[in-house]
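The values are calculated or read from the model by the stated rules, or taken from the named source; none is laboratory data. Values in this document were obtained by computation on a predicted structure and should not be read as measured data. Methodologically, a virtual Cβ is constructed for each residue, glycine included, from the backbone with ideal geometry; neighbour enumeration extends over all protein chains shown.
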Amino acid sequence: MTADRIRHVALSSVVLPLPTPISDAKVLTGRQKPMTEVVLLFAEITTEQDHRGTGFSYSKRAGGPAQFAHAKEVAEGLLGEDPNDIARVYDKLLWAGASVGRSGVATQALAAIDIALWDLKARRADLPLSKLIGSHRDSVRTYNTSGGFLHAPIEQVKERASESVAAGIGGIKIKVGQPDMRTDLQRLAAVREHLGDDVPLMVDANQQWDRASALRFGRAVEGLDLVWIEEPLDAYDAEGHAQLAAALDTPIATGEMLSSVAEHVRLIEARAADVIQPDAPRVGGITPFLRLATLADHAGLQLAPHFAMEIHLHLAACYPREPWVEHFEWLDPLFNERLETRDGRMVVPDRPGLGFTLSEQAKAWTVDTYEVGRA
């Protein structure tokens, strides 16, 4: 069989407006402004034999234009390459941008391309991505985050939580980390009472506390049977997270803000998390995510990938230990397809690849494009 070659790459920058400005602990304490949009980098790759794949990366608040600019710089290096050789192509593009490093914007730009190549490979095989990689399950436990932000009044948080459970979503995560910890504890107690003891409940502090405050909070909520406490400390404080994980019965989750496998390795080696939360677009794509997943499983960690359920559902389905996947409906307008939730789980679609096609709305929100090769 003749080897296929990449003949065309199309990049697009898409600005997704959020219906309501979003606030977490970093907003309430003045570190950041409310989030009003998500900027996405889409990569669409076409081969000589007309096989196609689509991938995306994203940024919140800042970084979107930088991701798009770097992807433009390296995209030409894809032309003429065999799309099967994903790891080799990844290394080629990584070296093309070596002067800007192997984390952050540099690899987040590559993530969209890497994910597109995996999507293409699975589509060509006529398999869902999870089946191409090697799946352990056809559905994954799921929890909702989008209804539990701090800008929402507690009655609205409870209403959204009930709606999520009724829609077949298994768990509920709410944000904490307000200036007065007593307010967090009151909101959390209200949600637990509203949901009852049988619904899995998580909290996310978005790096808000110092070590002493995080320990006080953890001890105060030990009786609520939380699934985890997420990002209680600065994302890079591996030692502090390790101390919390050792001191508390409630599991500690972190990792979403890290932008390389190497940074996650530091967490793993420090035993800084019970639940590791890598984000494929942030760590550079599916190729590095799979390397990280192997290390996490070897260390006996639970897995709960951050955001981007359209990608992470497939990857979580391949993890040997029972994982969680985060339900966010924010990206729904960008795609023609929807994911199914039932009985507390998100169902892996049987469509080839990631199983998504870009909507007309995504095209309408496109603010910049770049193409290289023969269309």
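Before moving on, here are some points about what is shown:
- Here is the figure for segment 338-356: residues that are surrounded by 14 or more Cβ atoms within 10 Å (Cβ to Cβ) and not small (Gly, Ala, Ser) total 11.
- Within segment 308-332, being free of Cβ contacts under 8 Å to residues at least 60 places away in the same chain and in contact with a Pro (Cβ under 8 Å, 6 or more places away or on another chain) holds for one residue alone: 312.
- For segment 115-129, the set of residues classified as surrounded by 21 or more Cβ atoms within 10 Å (Cβ to Cβ) and either among the acidic types (Asp, Glu) or assigned to a loop (DSSP other than H, G, I, E, B) (or both) consists of 119 only.
- Residues that are under 15 Å from residue 41 (Cα atoms) and not aliphatic (A, V, I, L, M), drawn from segment 88-126: 104, 107, 108, 114
- Residues in segment 140-180 that are hydroxyl-bearing (Ser, Thr, Tyr), surrounded by fewer than 18 Cβ atoms within 10 Å (Cβ to Cβ) and under 21 Å from the mean Cα position of the chain (by Cα): 146 only.
- Any chance residue 175 is of a type outside the set (A, V, I, L, M, F, W, C), assigned by TED's automatic domain parsing to the domain that holds residue 251, closer than 22 Å to residue 329 by Cβ and in contact with a Leu (Cβ under 7 Å, 6 or more places away or on another chain): yes
- Per the conditions (1) within 17 Å of residue 146 (Cα to Cα); (2) surrounded by fewer than 24 Cβ atoms within 10 Å (Cβ to Cβ); (3) among the β-branched types (Val, Ile, Thr), the sole criterion not satisfied by residue 325 is (2).
- Residue that is modelled with the lowest pLDDT [pool: residues in segment 357-375 that are under 15 Å from residue 45 (Cβ atoms) and among the hydrophobic types (A, V, I, L, M, F, W, C)]: 375
- Test: residue in segment 206-227 that is over 22 Å from residue 60 (Cβ atoms), among the aromatic types (Phe, Trp, Tyr) and assigned by TED's automatic domain parsing to the domain that holds residue 327: yes
- Figure legend. Inter-residue proximity from segment 345-372: first residues in contact (Cβ under 8 Å) with a residue 60 or more places away in the chain and over 24 Å from residue 64 (Cα atoms), second residues basic (Lys, Arg) and buried (at least 18 other Cβ atoms within 10 Å of the Cβ), beta-carbon distance below 6 Å, spacing 6+ or different chains. Indicated pairs: 345/141; 352/123; 353/123.
Listed here are the residues, each with its yes/no results for (1) closer than 13 Å to residue 228 by Cβ; (2) surrounded by fewer than 20 Cβ atoms within 10 Å (Cβ to Cβ).
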| site | (1), (2) |
| --- | --- |
| 243 | no, yes |
| 247 | no, yes |
| 254 | yes, no |
| 259 | no, no |
| 265 | no, yes |
| 294 | no, yes |
| 313 | no, no |
